[in-house]
Amino acid sequence: MGVRVVRTSKGHRLVGEGATVGAANAFLGHLGARGYSPATVRAYAFDVANFASFLEERKLALGEVVPSDLFAYLDWQQLQQPRQRCAGGKVVALARTGPAPATMNRRISAVRGLFEHQVMAGVLAENPVPAARRANGLRTPPRGMLGHVGPGRPRGGGRLVRQADRLPESVEGDEVSRFLADLLTYRDRAVVLAMVLGGLRAGEVRSLRLADVDMGLGRVRVIGKGGRERIVPVERAFFAECAAYLREERPAGCATPECFVVLRGPTTGQAMTEAGMRKIFRLHRQRSGARRVRPHRLRHTYGTELAAAGIDLLVLRELMGHASPETTARYIHLSADGLAAEFVAARARMDR
């Protein structure tokens, strides 16, 4: 049957046969006990399930893994068959070039945490996951289990797979406007505006509670990654759409504490789900032609525009809820036109 991830009353867990499943669920339970967010536990569950599938195919037990197996795991990910979808009654194979380097590095981080938990529990003597080296050839210093997800961790190296350090990708204003114009409900427009005018992550929008929305002061209270709380001022356009949604669309008498809920169907009145949000974005990208609009790019648009306007870096970090200042610093960069203008000005000074 293989290994798969299910949602239980205790959070996301693995189901299937083999000792790996039990070790993985003990690890996931440990993360929950340490206060990691449900979204983090879910992400780790899927990453560890992917590794469990590799072990199952290779007929390897968790205690038999050696460092070379981790590099074989990276190769294995690149060779996985593309998923299939149905189109017009036919099964169509989707071309796949393998997971992105960031995805493979994230999976290795999850596996490293799994083995570290096994060492801590006394099941294994040592962690077989190779210690990543930085560009200068030095190994990253040990930080304990899950140190790679802690605040202030180094971002630019320490990965088994070389990964491009890209600038945040934003969306042009006319494309955002085209996407907004295609949305049919006040709720959906408020959701999008929370991202592009408040910089909220998709998960932060879904978990936003009615009590967190202060229309009088024009701000929202957000619980971000790691349970970090921040207060974010948002432009009035968001509150106008939110007020209309609460007045016209939210089911009467709905007791769900989350602000944004399902408006129709058997789950009416329940909190909006991740799958439901993805469906909204996918549908309206296709209909509006605004293909580049995605939740995190809207958040990047918010950060990029504030950075371009000269906002203080510490203020931007607080508004966006970044744990590391290095993450915020990625928004402070010169445009191609700005670089060209500075170069021309410097050459003119040299020629005087």
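Scanning the range 8-23 for residues that are touching a residue at least 24 places away in the same chain (Cβ under 8 Å) and not β-branched (Val, Ile, Thr) returns Gly11, His12, Arg13, Leu14, Gly16, Gly18, Ala19, Ala23. Confirm whether Ile311 is modelled with pLDDT under 85 and β-branched (Val, Ile, Thr). Here the answer is no, as Ile311 does not meet what is asked. The set of residues in the range 271-286 that are of a type in the set (Lys, Arg) and surrounded by 13 or more Cβ atoms within 10 Å (Cβ to Cβ) comprises Arg278, Arg285.
Return yes when Phe27 is within 27 Å of Ser207 (Cα to Cα) and either touching a strand residue (DSSP E or B) at 6+ places or on another chain (Cβ under 7 Å) or basic (Lys, Arg) (or both) and no when it is not. When the stated conditions are applied, Phe27 does not pass them. Count of the range 225-253 residues, restricted to those that are assigned to a loop (DSSP other than H, G, I, E, B) and of a type in the set (A, V, I, L, M, F, W, C), is 2. Taking helices (runs of 4 or more DSSP H) as the structural unit, those lying wholly within the range 87-206 and holding at least 1 residues that are of a type in the set (S, T, N, Q) and at pLDDT 55 or above correspond to 101-120, 173-182.
Scanning the range 238-253 for residues that are over 26 Å from the mean Cα position of the chain (by Cα), on the phi < 0 side of the Ramachandran plot and either surrounded by fewer than 13 Cβ atoms within 10 Å (Cβ to Cβ) or not aromatic (Phe, Trp, Tyr) (or both) gives Ala240, Ala243, Ala244, Leu246, Arg247, Glu248, Glu249, Arg250, Pro251, Ala252. Being under 18 Å from Tyr302 (Cα atoms), of a type in the set (D, E, K, R) and surrounded by fewer than 15 Cβ atoms within 10 Å (Cβ to Cβ) holds for only one residue in Arg264, Arg221, and it is Arg221.
For the range 207-218, filtered to residues that are among the hydrophobic types (A, V, I, L, M, F, W, C) and in a helix (DSSP H, G or I), the residue that is surrounded by the fewest Cβ atoms within 10 Å (Cβ to Cβ) is Ala211.
Given the criteria closer than 19 Å to Arg230 by Cα and in contact (Cβ under 8 Å) with a residue 60 or more places away in the chain, does His322 qualify? No: the conditions fail for His322.
Each row is one residue, and each column tells you yes or no for (1) of a type in the set (Gly, Ala, Ser); (2) in the same structural domain as Leu193 (by TED's automatic domain parsing); (3) farther than 18 Å from Asp174 by Cα.
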residue	(1), (2), (3)
Cys259	no, yes, yes
Gly265	yes, yes, yes
Phe281	no, yes, no
Val293	no, yes, no
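Could we say that Arg291 is among the charged types (D, E, K, R) and not in a helix (DSSP H, G or I) here? Yes; evaluated as a whole, the condition is true for this residue.
The residue of the range 254-287 that is nearest to Ala190 (Cα to Cα), among those that are part of a loop (DSSP other than H, G, I, E, B) and within 19 Å of the chain's Cα centre (by Cα), is Met272.
The values are calculated or read from the model by the stated rules, or taken from the named source; none is laboratory data. Since the model is a prediction, treat every value here as computed from it, not as a measurement. Neighbour counts run over all protein chains shown; Cβ positions are idealised from the backbone, glycine included.
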